[in-house]
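Trainee: Submitted below is the structure of interest, expressed as structure tokens.
What follows draws every value from the coordinates through simple rules; no lab data is involved. Model, not experiment: these values are computed from the prediction. Counting neighbours? That spans all protein chains shown, and the Cβs are built from the backbone with ideal geometry, glycine included.
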Amino acid sequence: MTIKQQNIRFFNLWAKTWSWCPVSWWLAGVQKKVLKELQIKQSSFVLDVGCGTGRFLQMLADKGVIKLAGIDLSPEMIKLSHSLLGSKVVLKVASVENIPFPDSSFDVVISTESFHHFPSSQKSVRDMSRVLKKNGLLYIADVNFYSGFIHWLFKKLEPGHVKIYSAGEFRKLFEKAGLQVVLQKRIGLFVILTVGKQRNI
């Protein structure tokens, strides 16, 4: 079974228990912290990569952002997003390595707590960069526990997990994709946020 197939299976199953799963509370907390860091206008067109149940898109809508889109590998997660958001958001079952939108579509692209599941880190960052407009911003927030042993254990326990990245590794990925890193910080104890600006268009 490929990494992609593992992730589809894992998140399809997770969608059935998401409402009471403790991880959903953790993710909501991370997303609230990311929301505070966003440089965003109500007129911005925003893409959530790995949008899951659509809760972060709902947070953005509550702030008045009206042009929103989300993609996720899991059809069951996209169904949950549809049930929450209805027709006010463009939602598609799709891979981060082949985002189904034209070049220079979005002002902001966001991925929260998904990156360690992406099979190809560089392809993922490059395609998220591709769909950004000039001076658009990419926000990636992903887990990092400080400890190599905990990273190893986490990978063993979570299906579809590929790798936990360090701050330095994120910086290199962004720079190779032509993004200027404009912010990097920990938000909470166990999450690294990296923000890059599109500068190659």
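Trainee: Looking at region 3-198, what % of its DSSP beta bridges pair antiparallel, to the nearest 5?
Mentor: Taking every DSSP beta bridge within region 3-198, about 45 percent pair in antiparallel fashion.
Trainee: Further, regarding this structure: Highest mean first, how do 81-90, 51-60 rank when packing is the count of other Cβ atoms within 10 Å averaged over residues?
Mentor: Ranked by mean Cβ neighbours within 10 Å, highest first: 51-60, 81-90.
Trainee: While we're on this one: Work through the residues other than R199 whose Cβ is under 15 Å from its Cβ and net out their charges, Lys, Arg +1 and Asp, Glu -1.
Mentor: +4
Trainee: Given a cut-off of 23 Å, name the pairs among K41/K197; K36/K67; K92/K123; K4/K33 whose C-alpha atoms lie farther apart than that in the structure shown.
Mentor: The pairs that break the limit, which is 23 Å between Cα atoms, are K4/K33.
Trainee: Each label point is 7 Å from the Cα along the Cα-to-Cβ direction; what then is the distance between the points at E169 and T17, in nm?
Mentor: Calculated label separation equals 2.7 nm.
Trainee: Rg/Rh for the chain: what does it come to with C-alpha atoms and Rh from Kirkwood?
Mentor: Result for the chain is an Rg/Rh of 0.93.
Trainee: Also, I was wondering about something else. Between S24 and S104, 0.36 nm times their residue separation minus their Cα-Cα distance comes to what?
Mentor: Computed gain between S24 and S104 is 25.7 nm.
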